Amino acid sequence: MKFLSEYRDQKAAEQLAGAIRKKVTRRWTIMEICGGQTHTIVKSGLEDLLPREINLVHGPGCPVCVTPIELIDKAVAIARRPDAIFCSFGDMLRVPGSAKSLFDAKAEGADVRIVYSPLDALKLAKQNPQKQVAFFAVGFETTAPANAMAAWQADHDRVENFSLLVSHVLVPPAMEALLSSHNCVVKGFLAAGHVCTIMGFEGYLPIAAKYEVPIVVTGFEPLDILDGILMTVSQLEEGRHEVENQYARAVRRQGNRPAQKRIAEVFEIVPRQWRGLGEIPASGFQLRGRFQKYDANRRFPFSGEPARESPECISGMILQGLRKPHECAAFGVKCTPENPLGAPMVSSEGACAAYYHYGRRQNQFVQPELSSPARR
Amino acid sequence: MCLAVPGRVVEITDTGDIAFRVGKVDFGGIRKEVNLAYTPEAEVGKYVLVHVGFAISVIDEEEAQRVFKILEEMGAVEEELGEIPQ
């Protein structure tokens, strides 16, 4: 068992889809929170296996998509400093800011580097003591322990030329924001498995109870998603609204305690702006106490132009599950991965990018490719 | 960005301080150094889930079989009832 390819078996997928068909008696709208799950759904053509009654809408779980445009502008400004090395995960580079992306800045000569881990950025800081090395610390709860450790190790090793431009967001407050909105159509959630690997799932119990909505912690492979949908549909059909764990091979109820401890040491919870959604109270992390000296926001004062969003991009509606990517007039015409108007067209977790790359249009049949070994 | 990949721990280097505990993890032939600070229970031979250079969870191999057991049971019931799986 490799814990990967086994969960892409087509026959098993069809069997699960058959079980969902047997269970469902009416139309249900289910949201998958995480953009990684969106990509599995679209790439594997899972919607074509599902009965018509199941309407999947794609949630805001794409950190690249929800990072505010002001922070992209700020990242570009830091990257353009002659003394800076600006490090980021690859996904952030093409995200459009008001005028430029990090990729544009790099093309113009800025030292922008793609790193695999925040610890790689910390290593660069140690190797280049004459430079200011800043890391774009974006992400959900999944990535927070890694970024917390980078700040903690920088402090431990007294590395002073290192900083983090933090844009950390949290899933449960965003779910609450969606559920409390008057136009919410979501009846059940597939919760993001890897976020729960870190935080556990006890935090979802009050949400499931208050909004009477089933929440199923779900993994990322095609069989995981179908199994998660089956569990959600079973709850909906039986009138239950519980928190269940489909992804028990990776998620424990209490989450990862050592990781939570480090997060609490380094970060504090603050209100956060979400691109496309606006400000959500207590929905993100910021560096706390002695770690604030690593805050790039404080270290590099910014006096740029006020941020400007593209007036044509409807990413806010897409991130709330109110519209699907192909319903946007700019989709695939004025907005493409090479020339994006909004972040969801760029990110490997963005719903628009998934629809664009895997050719999903309304009523168009996508051949399932469940056993494909090549994924990202 | 929340992508995490399972790999098998092939080596652990104890550095004294748990925050710097690292190991080599094999991803189907490719080996990478991974920080193991958050998985003190990780052992050589176990599978861990790795995200941006950090092991975030040790895979529970028994739980990993769950969906296949359900499918097996579903298959057995269908056979019993003489239904052809769709």
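The values are calculated or read from the model by the stated rules, or taken from the named source; none is laboratory data. Keep in mind the model is a prediction, meaning the values are calculated, not measured. All Cβ positions, even for glycine, are placed from backbone atoms using ideal geometry, and neighbour counts span all protein chains on display.
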| query | Can you list the helices (runs of 4 or more DSSP H) found entirely within segment A:31-105 that contain at least 2 residues being under 19 Å from the mean Cα position of the chain (by Cα)? | reply | A:35-43, A:63-66, A:69-79
| task | Grab the strands (runs of 3 or more DSSP E) fully contained in segment A:208-299, keeping just those with 2 or more residues being surrounded by fewer than 20 Cβ atoms within 10 Å (Cβ to Cβ) and more than 18 Å from the chain's Cα centre (by Cα). | result | A:267-274
| task | From A:E312, A:E305, A:E349, grab the single residue that is in a loop (DSSP other than H, G, I, E, B), charged (D, E, K, R) and surrounded by 17 or more Cβ atoms within 10 Å (Cβ to Cβ). | result | A:E349
| note | Counting only residues that are away from every other protein chain (no Cβ under 11 Å), touching a helix residue (DSSP H, G or I) at 6+ places or on another chain (Cβ under 9 Å) and more than 30 Å from A:R275 (Cβ to Cβ), segment A:11-49 contains a total of 4
| message | So in segment A:98-148, with the set limited to residues that are more than 14 Å from every other protein chain (Cβ to nearest Cβ) and charged (D, E, K, R), which one is farthest from A:N339 (Cα to Cα)? | response | A:K131
| said: Can you confirm whether A:G284 is in the same structural domain as A:M31 (by TED's automatic domain parsing), touching a strand residue (DSSP E or B) at 6+ places or on another chain (Cβ under 9 Å) and under 15 Å from A:A177 (Cα atoms)? | reply: yes
| remark: Counting only residues in segment A:1-49 that are among the acidic types (D, E) and under 30 Å from B:G7 (Cα atoms), the one modelled with the lowest pLDDT is identified as A:E6
| When A:V186 is evaluated against the numbered criteria (1) in contact (Cβ under 8 Å) with a residue 60 or more places away in the chain; (2) within 14 Å of chain B (Cβ to nearest Cβ); (3) in contact with a Gly (Cβ under 7 Å, 6 or more places away or on another chain), which criterion, by number, is the only one it fails? | (2)
| message | Looking at segment A:114-159 only, could you name the residues that are of a type in the set (A, V, I, L, M), part of a helix (DSSP H, G or I) and more than 25 Å from the chain's Cα centre (by Cα)? | response | A:L124, A:A125, A:A154
| task | Identify the residue in segment A:1-15 that is under 18 Å from A:L49 (Cα atoms) and aliphatic (A, V, I, L, M) and, among all such residues, is surrounded by the most Cβ atoms within 10 Å (Cβ to Cβ). | result | A:A13
| field | Residues satisfying the stated conditions in segment A:1-10, i.e. part of a helix (DSSP H, G or I), out of contact with any helix residue (DSSP H, G or I) (no Cβ under 7 Å at 6 or more places or on another chain) and facing another protein chain (nearest Cβ under 8 Å) | value | A:E6
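Quick grid of which residues meet (1) out of contact with any strand residue (DSSP E or B) (no Cβ under 8 Å at 6 or more places or on another chain); (2) on the phi < 0 side of the Ramachandran plot; (3) at pLDDT below 90; (4) surrounded by fewer than 20 Cβ atoms within 10 Å (Cβ to Cβ):
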site: B:D14; (1), (2), (3), (4): yes, yes, yes, yes
site: B:K24; (1), (2), (3), (4): no, yes, no, yes
site: B:F27; (1), (2), (3), (4): no, yes, no, yes
site: B:V34; (1), (2), (3), (4): no, yes, no, no
site: B:A76; (1), (2), (3), (4): yes, yes, yes, yes
| note | Here the residues within segment B:36-55 that are more than 9 Å from chain A (Cβ to nearest Cβ), more than 10 Å from B:G7 (Cα to Cα) and surrounded by 23 or more Cβ atoms within 10 Å (Cβ to Cβ) are B:L36
